[in-house]
Amino acid sequence: MIKNILIFVIAIALFSCKTDNPKDYVTFSGKVTNHLGNDGFVKSRNYSKDIKINKDGTFSDTLHLSDKGALFTFSDGNEFKGLYLKNGDDLKLTLDTKEFDETVKYEGIGADNNNYLAQKDLLSEKLIAGSLFDLDKDAFAKKTTEITAKFTSFLENAKNLDTDLLATEKEEVATMAKGLTEQYDYMVAEKVKYAAFIGKPSPVFENYENINGKKTSLKDLKGKYVYVDVWATWCGPCKAEIPSLKELEKQYHGKNIEFVSISVDNGRGYPDNSVEASKEGWKKMIAEKEMKGVQLFSDKAWESDFVKGYGIRGIPRFILIDDKGNVIDANAPRPSSDKIKTILKNLNL
């Protein structure tokens, strides 16, 4: 009798081993609080799939990926977050769109990789602000060394990272100082070009659609100083400046200055690269983040006369124009920089 039971137990174990094969897909589900109504997607260079997000913010889908883990982008329609996925993952995501980066949290198989990436995004936002590039060369070099050390420590303390992700992150940290220095040197070199704009009439924007559905031109603002923010909803550094920009606008509200944000959204980051979808995303982000000032949608995105006139190839870009329509600074300090506060204070607005 005991022998028969033993044979039965072994048979069950063998059967279980044969049927418990590794999943050749990813299970991805979750809940988006304060969902704004758009479907989302998961995307990489070689893969893209739309994700149906229900009205209550819940979603669930399966993704058939290659065997090797890789980095992807997840979007809920107008916010974006990096993901690391590989077949076999059973990942559950929760977030609140009102505090997107701060509330992202993962559970399940693959959670360690993605919680690491979410926390890394917050660290990047904190340490690599626009004001970093306002420092003189020696102070910048010192600060860069400190930043690299903090990212190195952060990675060393990470637990249970996938081998491929760990290798990618180690390489990124190893080259971080070089990348930041190259960006700094580029911005210093660009200052010579920007200096040529000073005191000259600004390139203009005409009849850009504003958030109220009407039209606004630069000439409508003549007689006031204008601080322009060129940005897009998919741009992480742009969104990182929004809280500081709102504070600046609040401080100078009612003064002789207008804060103008011009979106160059052109469909990037949206399903089928739809410009109309990106325009809806622009409207929803302005509402969600309670953005103030003059909110405009560029007529031709990167090809608009205003953007090309200033030679803008990267964003965010900030521009300060005087009350006569002449350029004060074609590459003005960011809202997060103490320099812009000093400049505005000296204008006696």
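Filter segment 270-294 down to the residues that are touching a helix residue (DSSP H, G or I) at 6+ places or on another chain (Cβ under 7 Å) and aliphatic (A, V, I, L, M) and list them by number. Result: Ala277, Met291.
Select from segment 132-148 the residues that are closer than 14 Å to Ala177 by Cβ and among the charged types (D, E, K, R) and list them in ascending order. Result: Lys137, Lys142, Lys143, Glu146. Considering each residue of segment 274-285 in turn, at least one proves to be hydroxyl-bearing (Ser, Thr, Tyr), assigned to a loop (DSSP other than H, G, I, E, B) and surrounded by fewer than 19 Cβ atoms within 10 Å (Cβ to Cβ). Whether a residue is of a type outside the set (D, E, K, R), at positive phi and modelled with pLDDT under 80 was assessed, and Gly37 passes this test.
Every residue, every condition in (1) free of Cβ contacts under 8 Å to residues at least 40 places away in the same chain; (2) more than 17 Å from Thr175 (Cβ to Cβ); (3) surrounded by 17 or more Cβ atoms within 10 Å (Cβ to Cβ), yes or no:
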site	(1), (2), (3)
Glu125	no, yes, no
Gly130	no, yes, yes
Phe133	no, yes, yes
Asp136	yes, yes, no
Ile147	yes, no, yes
Lys150	yes, no, no
Leu155	yes, no, no
Asn160	no, yes, no
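Contact map, segment 180-209: first residue assigned by TED's automatic domain parsing to the domain that holds Val260, second residue in a helix (DSSP H, G or I), Cβ cut-off under 6 Å, separation 6 or more or different chains; pairs are Pro203/Phe306; Pro203/Gly309; Val204/Leu218; Phe205/Leu218; Phe205/Phe306.
Mind checking whether some residue in segment 133-140 is within 23 Å of the chain's Cα centre (by Cα), modelled with pLDDT under 95 and part of a helix (DSSP H, G or I)? Yes, there is a match, as at least one residue in segment 133-140 is within 23 Å of the chain's Cα centre (by Cα), modelled with pLDDT under 95 and part of a helix (DSSP H, G or I).
Here is the figure for segment 40-74: residues that are under 19 Å from Leu166 (Cα atoms), over 21 Å from the mean Cα position of the chain (by Cα) and surrounded by fewer than 16 Cβ atoms within 10 Å (Cβ to Cβ) total 3.
Residues checked against (1) acidic (Asp, Glu); (2) modelled with pLDDT of 95 or more; (3) more than 17 Å from the chain's Cα centre (by Cα); (4) in a helix (DSSP H, G or I):
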| position | (1), (2), (3), (4) |
| --- | --- |
| Gly88 | no, no, yes, no |
| Lys92 | no, yes, yes, no |
| Phe100 | no, no, no, yes |
| Glu107 | yes, yes, yes, no |
| Asp112 | yes, yes, yes, yes |
| Asp121 | yes, no, no, yes |
| Glu125 | yes, no, no, yes |
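Out of everything in segment 50-75 that is assigned to a loop (DSSP other than H, G, I, E, B) and closer than 15 Å to Tyr25 by Cα, what residue ends up being modelled with the lowest pLDDT? Checking each candidate, the answer is Asp67.
Could you say which residue among Asn326, Asn331 is in contact (Cβ under 8 Å) with a residue 40 or more places away in the chain, under 17 Å from Ala196 (Cβ atoms) and exposed (fewer than 15 other Cβ atoms within 10 Å of the Cβ)? Just one listed residue meets the conditions, Asn326.
Within segment 55-97, if we keep just the residues that are polar (S, T, N, Q) and in contact with a His (Cβ under 8 Å, 6 or more places away or on another chain), the residue that is nearest to Lys289 (Cα to Cα) turns out to be Thr97.
The values are calculated or read from the model by the stated rules, or taken from the named source; none is laboratory data. Note that the coordinates shown come from a computational prediction; the quantities given were computed from them, not determined experimentally. Every residue, glycine as well, gets a Cβ built from its backbone with ideal geometry; the counts of neighbours run over all protein chains shown.
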